[in-house]
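The values are calculated or read from the model by the stated rules, or taken from the named source; none is laboratory data. On a predicted model such as this, the values are computed, not experimentally measured, just so you know. Methodologically, a virtual Cβ is constructed for each residue, glycine included, from the backbone with ideal geometry; neighbour enumeration extends over all protein chains shown.
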Amino acid sequence: MASSKSILAKIFAEYYLSGAQARQEGRPIAYVTAFTPVEILRAMDVVCLFPESYAVVCSASNKSQEMIQASTMASFSQDLCSYSLISFGADHYPRPPYGGLPRPDMLIATNNQCGTTFLWFKLLSQKQNIPLFIIDYPAANPNQSATRPYIEEQYKELIKFVQKHTDRNINTQELNEQIICSRKACDLWLRLHELNKEVPPPLTATEIVDSLFPMLAAKGTPSACDFYEALIEEKQAIRNENSTDSLRLLWHGYPMWFLRKRFPDCFDDAFQVVLNDYTLWWNLDYPDEQGDMDALISAYSKTYLNRTLNHKIDWVDALARDYSVDGVICHANRSCRRALADIVPLRDRLHKKEIPSVIIESDMAHAGCYSGEQVKLRIESFRESLSI
Ligand code: SF4
């Protein structure tokens, strides 16, 4: 079996070449938001590119501040989500990483994560005259049968929209294969996380965060499954020699893409993040007892950010127990208002359950909103309180 590193490098290269290749081959390109049902689009031969993921790459390449600064030239408020600011800034920035994303033929936005994405795509559509399709998801609730026809109708309209703009039809066998691969990739993704229930954990939080990319770029393809299978096998083969009495932490919310390790530089073998729940947001549930459309409706309606506040808090609370953590670090992320709304109620719940927690304020992509010294001080004093 190829190494996980080589499979990941291949997925990354193929994704960033896919736009140029699509242009040469006359295949349509769509910009999509993170929780778009890409299986439908890929089964219609559409190449899907993710501006949010591109913003992550820009931030990890230390370009976020300059690119966000460039967005001010187009008069964007600096209060907006920094992913959108980086994306807007790319149009005014002389050397964006990988030369920027190619112009799309269509835009597909969803509101199952936030209200920002469809406004962001609406603006792109207006400015560049690109056809836009928005999928509206009611907030996830246990009675999914009430919302199912509404979402299914929109999926049918999406197929018509793509047919109209590309002349491509949906390949239902391909759709079924995509869903099978997506389901398998999610199962493997969860298994990878669960390795860290072990003491000591075999993976660092950085390794898990840096393994997220195939869940976007290659979900629904065998290569994402190959990558996660290889990584699990490699990690299972390594006996971790770290100390077994270290303090175990859960990092709630977004990592910080601009930091070399994606997390502040104050963790070590004796004080380690064993789970970042953000990466599990991509673990969608594709039930296999119903048809393909139902599997997609279920997976994309029940995204973490589309859940009720109570459900989200129960989920994090359960993770804290399942991974036997000693404390929780809650990242109050300036950019993401929907995620930000969970922080104080979550802290209160953890407090009631006597799970120590601390809130740190920053941003997932805007390095200018990060005060390294302040964050480090707060985490270090949290460490001291846990060690007493
Ligand atoms: S970070 Fe939050 S606000 Fe920004 S695009 Fe993602 S979900 Fe939306």
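Only one entry of LEU107, LEU49, LEU41 meets the criterion of being within 16 Å of the ligand (Cβ to nearest atom), farther than 23 Å from TYR278 by Cβ, crowded, with 16+ Cβ neighbours inside 10 Å and not acidic (Asp, Glu), and that entry is LEU107.
In the range 323-330 there is at least one residue matching the filter, namely being among the acidic types (Asp, Glu) and more than 13 Å from the ligand (Cβ to nearest atom). Taken together, the residues in the range 117-167 that are within 22 Å of ARG338 (Cα to Cα), among the polar types (S, T, N, Q) and part of a loop (DSSP other than H, G, I, E, B) amount to 1. If you scan the range 341-367, which residues turn out to be in a helix (DSSP H, G or I) and either more than 16 Å from the ligand (Cβ to nearest atom) or buried (at least 16 other Cβ atoms within 10 Å of the Cβ) (or both)? ASP342, ILE343, VAL344, PRO345, LEU346, ARG347, ASP348, ARG349, LEU350, HIS351, LYS352, ALA367, listed by residue number. You will find that of GLN113, GLN126, the residue that is in contact with a helix residue (DSSP H, G or I) (Cβ under 7 Å, 6 or more places away or on another chain) and either more than 18 Å from ALA34 (Cβ to Cβ) or within 16 Å of the ligand (Cβ to nearest atom) (or both) is GLN113 and no other. Counting only helices (runs of 4 or more DSSP H) that sit completely within the range 1-84, those holding 3 or more residues that are hydrophobic (A, V, I, L, M, F, W, C) and over 30 Å from ASP294 (Cβ atoms) correspond to 4-25, 51-60, 64-71. On the given criteria, is LYS302 touching an Asp or Glu at 6+ places or on another chain (Cβ under 7 Å), within 16 Å of the ligand (Cβ to nearest atom) and farther than 23 Å from LEU249 by Cα? When the stated conditions are applied, LYS302 passes them.
When PHE35 is tested against (1) within 16 Å of the ligand (Cβ to nearest atom); (2) farther than 29 Å from TYR228 by Cα; (3) crowded, with 24+ Cβ neighbours inside 10 Å, only condition (2) is not met. Scanning the range 316-340 for residues that are in contact (Cβ under 8 Å) with a residue 24 or more places away in the chain and part of a helix (DSSP H, G or I) gives VAL316, ASP317, LEU319, ALA320, ASP322, ARG337, ARG338, ALA339. The residue of the range 31-49 that is nearest to MET364 (Cα to Cα), among those that are among the hydrophobic types (A, V, I, L, M, F, W, C) and more than 18 Å from the chain's Cα centre (by Cα), is VAL47. State whether the residues of the range 88-95 include one that is in a helix (DSSP H, G or I), out of contact with any Ser or Thr (no Cβ under 8 Å at 6 or more places or on another chain), more than 16 Å from the ligand (Cβ to nearest atom) and among the aromatic types (Phe, Trp, Tyr). No.
Within the range 131-152, restricting attention to residues that are without any contact (Cβ under 8 Å) to a residue 60 or more places away in the chain and buried (at least 17 other Cβ atoms within 10 Å of the Cβ), which residue is farthest from the ligand (Cβ to nearest atom)? Only one residue tops the list, namely PHE133. If you go through the range 104-119 and keep only what is at pLDDT 95 or above and more than 22 Å from LYS302 (Cβ to Cβ), you end up with PRO104, ASP105, MET106, LEU107.
What residue, of GLU66, GLU52, GLU25, is among the acidic types (Asp, Glu) and under 19 Å from the mean Cα position of the chain (by Cα)?
After ruling out the rest, the residue left standing is GLU52.
Among the residues of the range 189-214, those that are surrounded by 19 or more Cβ atoms within 10 Å (Cβ to Cβ) and assigned to a helix (DSSP H, G or I) comprise TRP189, LEU192, HIS193, ASN196, ALA205, ILE208, VAL209, PHE213, PRO214. Could you tell me whether any residue of the range 368-379 is more than 18 Å from the chain's Cα centre (by Cα), of a type outside the set (D, E, K, R) and not in a helix (DSSP H, G or I)? Checked the range 368-379: at least one residue is more than 18 Å from the chain's Cα centre (by Cα), of a type outside the set (D, E, K, R) and not in a helix (DSSP H, G or I). Among the conditions (1) under 20 Å from ASP322 (Cβ atoms); (2) aliphatic (A, V, I, L, M); (3) surrounded by fewer than 17 Cβ atoms within 10 Å (Cβ to Cβ), the only one that ALA237 does not satisfy is (1). Apart from one condition, GLU14 fits all of (1) out of contact with any His (no Cβ under 9 Å at 6 or more places or on another chain); (2) surrounded by 17 or more Cβ atoms within 10 Å (Cβ to Cβ); the exception is (2).
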